[in-house]
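Structure first, then comments.
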Amino acid sequence: MNLEQDAIVRIRSLNKTFTGRAGKVTALDGIDLDIRRGEIFGIIGLSGAGKSTLVRCINFLEKPTAGTVTVDGQELGSLSKKQLLEARRSMGMIFQQFNLLQQRTALQNICFPLEIAGTSKADAEKRAKELLEIVGLSDRAGNYPSQLSGGQQQRVAIARAIITRPCVLLADEPTAGLDPVSAADVLALFDSLHECGHTIVLITHDPAAAPRATRRLRLENGVLFNIQ
């Protein structure tokens, strides 16, 4: 297998610096990375290592200072604003804080990306109900986030992230703050999604989550290292 040809995400010479009162801080330093289609790719590191910055550079929520990011054949830095918005829709994002809309039910939260894309309400709800079944929350469709546990909220967030059938899922510390049982449920869901062919980039410092990855690299002070 040619890894470069099979890569869904290709990163070359990526750098990200921030300028503050203390001067320039290098968050990412010379990142070269290929992520294959259909794998769970783990990026492991302690808090402050640059993991969240890296995942935000993958979908260009943070614009790199230098280097290129190519996702599904599109070099993101070369896209117009409209094209970049379209490209981001092909990347599902799962956050540590869930980021659910508190005034919307579980079903309505999951429908939201399709509503933005102009899908009819009936079609969006049909797809959302299918995903509620997949994540094991069919009986919680009408519940608001405040009526759900942390693990249930994260499963709703995962369903929302995959409703547009993205080419890659970016999961930024998805089990942080969850109790062990809820974290195990979320990780088991990732296993199921992987078996269905989803590509998942798993950003974590959770020792229980890391072994789920089919490949892993360690990020330390903005530099990637192979895990021995």
* Considering only lysines 8 or more places apart in sequence, or on different chains, count the pairs in the chain whose C-alpha atoms sit under 30 Å apart. => 18
* Asked: Roughly how many percent of the accessible protein surface of the chain is carbon and sulfur, given a 1.4 Å probe and a whole-percent answer?
  -> 48
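Once you order the gyration tensor axes a ≥ b ≥ c over the Cα atoms, which shape class does segment 76-228 get: rounded for a/c under 1.5, otherwise prolate or oblate by comparing a/b with b/c?
Values: a/c = 1.95, a/b = 1.23, b/c = 1.59.
The shape class here is oblate.
Using helices alone, what [θ] at 222 nm do you get for the chain, with -39,500 (n - 2.57) per DSSP H run of 4 or more residues, divided over all residues and rounded to the nearest 500?
-9500 deg cm²/dmol
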* To do: Would you kindly derive the ³J(HN,Hα) couplings of segment 61-76 from the backbone phi angles with the Karplus curve 6.51 cos²θ - 1.76 cosθ + 1.60 (θ = phi - 60°), listing them in order in whole Hz, with x for Gly and Pro?
  => 5, 10, 7, x, 6, 8, x, 10, 10, 10, 10, 6, x, 10, 7, 5
* Asked: Per residue, how much accessible area does the chain show when a 1.4 Å probe rolls over the protein heavy atoms, in square angstrom?
  -> 50
* Does segment 43-126 classify as rounded, prolate or oblate by the C-alpha gyration tensor (a ≥ b ≥ c root eigenvalues; a/c under 1.5 gives rounded; else a/b over b/c gives prolate, otherwise oblate)? -> oblate
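With the cut-off at 1.5 for a/c, could you classify segment 11-85 from its C-alpha gyration tensor as rounded, prolate or oblate?
Numbers: a/c = 2.07, a/b = 1.23, b/c = 1.68.
Oblate, because a/c is 1.5 or more while a/b does not exceed b/c.
The values are calculated or read from the model by the stated rules, or taken from the named source; none is laboratory data. For clarity, every value in this text was computed on a predicted model and none was experimentally measured. For the accessible areas, the whole protein counts, side chains as well, though only heavy atoms, and no ligand, DNA or RNA atoms are used. Shrake-Rupley method; radii C 1.70, N 1.55, O 1.52, S 1.80 Å.
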